[in-house]
Every structure is written in C-alpha cells, then in structure tokens.
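Report on the structure given below.
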Amino acid sequence: MVTDTRPHALTRRQAADIAATELRAFGAAMASLDDTDWVRATDCSEWTVKDVVAHVCGQYEEIAKPTVLLRRLRVAKRRYPDRTALDGHNQVQLDDLGKLSPRALFDRLARLGPVAIRRARLMPGLFRRISTDRFFPDGPTMVEANLGYLVDVILPRDTWMHRLELARATGRVFDVDDHDYEIVGQVVRDLDRAWQRPPLRLELTGPAGGLWELGDGPPVESVTADTMAMMLHLSGRDGVDLPKDSPLEAARVVF
C-alpha cells in the first residue's frame, strides 16, 4: 500500500516514459491473443477485442500523423451526422482499421506507437495548448482540455483501460508494475481536481493501489475499494457496486 495524499503532475519526460511502458504492455497483451480471442465481446458496448485493438491503433496513428485525425473528423461529420464528434470519429477508426488482420494491427502499432510518443514529447508548446474542444465539442470535458494533456495523460490512460478490457474479455492476467501506479495516480488526481464534496479518504486495494485524500482539509468520509474495480467505475464501465449514497457513486473521470 502506497500513501500519496496528493498525486503529482507529470513532467513531459515522465509522461512519455509512462506512455512508452504502457505501449509495450499493450503490445505484449496483443501478442498473447489467440485466434478465438479477437471476436470476444468487451466492456466497451458493441466492441469486440479486435475493435478495441483497432481503436488503440487509431489513437497512436493520429498522433503520429495528425492529418489522419483531421481527415477522420471530417469523414465522421459527413458519414455519421447523428453521432457526437467523438463517437463518429471512433467509428471511422474502426471503419479504417477494423478490416486489417491481427498481424497487420500488431505491426501497425509497433511501427507508429513509438513515433506517436516521440511526437508527443517533442510537441511545441503552441500546439500543446490547442483546445481539444475544437475537435470534440460535445465530448466529455477533461480537467485540462488541451492537446498536451491529451497526449501526456489521457493517451496512456486510455490504452491502460483498453488493456484491462482485453484481460477481462480473454481471461488473461493483467500485468502490473510501477507505471500502472502512476496511471492510477493521475486518475485520482483528476478526481481530486474536480472534487466538490466534503474531503474524502480513498483507499484503493490490490495491484497499483494506494491511499489518497480528496478535497481540502482533513477527510470526513472514507471509501475503500479494489483498484481495478474503481477504475472501471470511474470510467463509466461496470466496476465496483457502491451504495447510492456513496460519495463516489456518481463520480466519473475521462479515460
């Protein structure tokens, strides 16, 4: 159990190191899949394992090649006018990449993933400050709605959550090391920055768990839960069952 009452912000280099470690972990999870795994259902509604992998590949592809993101946003607006910009964009990712073979997806991520992380680390400040609301005006709002936060924090977090989904869908072991704790810590940091209830003591148990305090002042409430279950809950997926009067029952964090 780690005590870290105020999760810290990441430097650009720390963020890149965590993203690179998570990318390797996701690649290892992909490599462990067999032919029967790719069609299994996941926690993402209507998405199979292959759909999840295609989406992750699309995320890194768009950072490595920003023009791909702009093209997909334009196509989504035309092809899926009744969907939000984010949902339409995600569907175009699947349209583009879902038809690729597992081997092709693996090779694509292995080739473009490191390029994306390098581009994120070297992204000029002017671009890092661009608001993500320009691309996804009707999507969930991050605590820092800019490209810098998207590539530093949300990208590895999203990859991490999808790796957890692969493990849950296929019954594989979800491997955890120090970088997982850092990713969980950034989730808690976002939760803390948006916290408007009385101060809370949050204890997450199991791998990548820790002890944190949310809000200003001495905690007046306490919640204990399994780390992975709480991450699923905060992302809006089925995770831990909390009482309706729990201070975290309606809490959500962007993944």
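Some notes on this structure:
- In segment 238-248, the qualifying residues are those that are more than 18 Å from the chain's Cα centre (by Cα) and of a type in the set (D, E, K, R), and the one that is surrounded by the most Cβ atoms within 10 Å (Cβ to Cβ) is Asp241.
- Residues of segment 165-186 classified as under 18 Å from Asp238 (Cβ atoms), aliphatic (A, V, I, L, M) and buried (at least 19 other Cβ atoms within 10 Å of the Cβ), total: 2
- Restricting segment 61-111 to residues that are hydroxyl-bearing (Ser, Thr, Tyr) and free of Cβ contacts under 8 Å to residues at least 12 places away in the same chain, the residue that is surrounded by the most Cβ atoms within 10 Å (Cβ to Cβ): Ser101
- Set Arg103, Arg134: member being modelled with pLDDT under 95, over 18 Å from the mean Cα position of the chain (by Cα) and of a type in the set (D, E, K, R): Arg134
- Taken over segment 117-134, the residue count meeting the criterion of being surrounded by 14 or more Cβ atoms within 10 Å (Cβ to Cβ), over 20 Å from Arg24 (Cα atoms) and of a type in the set (Lys, Arg) is 1.
- Listed by position, the helices (runs of 4 or more DSSP H) inside segment 150-255 whose residues that are over 21 Å from Thr11 (Cα atoms) and in contact (Cβ under 8 Å) with a residue 60 or more places away in the chain number at least 3 are 155-170, 227-234.
- Of everything listed in (1) among the polar types (S, T, N, Q); (2) at pLDDT below 95; (3) touching an Asp or Glu at 6+ places or on another chain (Cβ under 6 Å), the single unmet condition for Thr141 is (3).
- Tally of residues being more than 16 Å from Met161 (Cβ to Cβ) and touching a helix residue (DSSP H, G or I) at 6+ places or on another chain (Cβ under 7 Å) across segment 49-66: 5
- Residues of segment 210-237 classified as surrounded by fewer than 18 Cβ atoms within 10 Å (Cβ to Cβ) and of a type in the set (A, V, I, L, M), total: 2
- Any hit, segment 190-202, residues being crowded, with 18+ Cβ neighbours inside 10 Å, on the phi > 0 side of the Ramachandran plot and at pLDDT below 95: no
- Restricting segment 108-125 to residues that are aliphatic (A, V, I, L, M) and part of a helix (DSSP H, G or I), the residue that is farthest from Val52 (Cα to Cα) is Leu122.
- Pair list, Cβ under 7 Å, 6 or more apart: segment 22-45 residue closer than 22 Å to Ser235 by Cβ, other residue part of a loop (DSSP other than H, G, I, E, B): Ala25/Asp175; Ala29/Arg172; Asp43/Arg237; Asp43/Asp238
The values are calculated or read from the model by the stated rules, or taken from the named source; none is laboratory data. All values derive from a computational prediction rather than experimental measurement. Cβ sites come from the backbone with ideal geometry, for glycine too, and all protein chains shown count toward neighbours.
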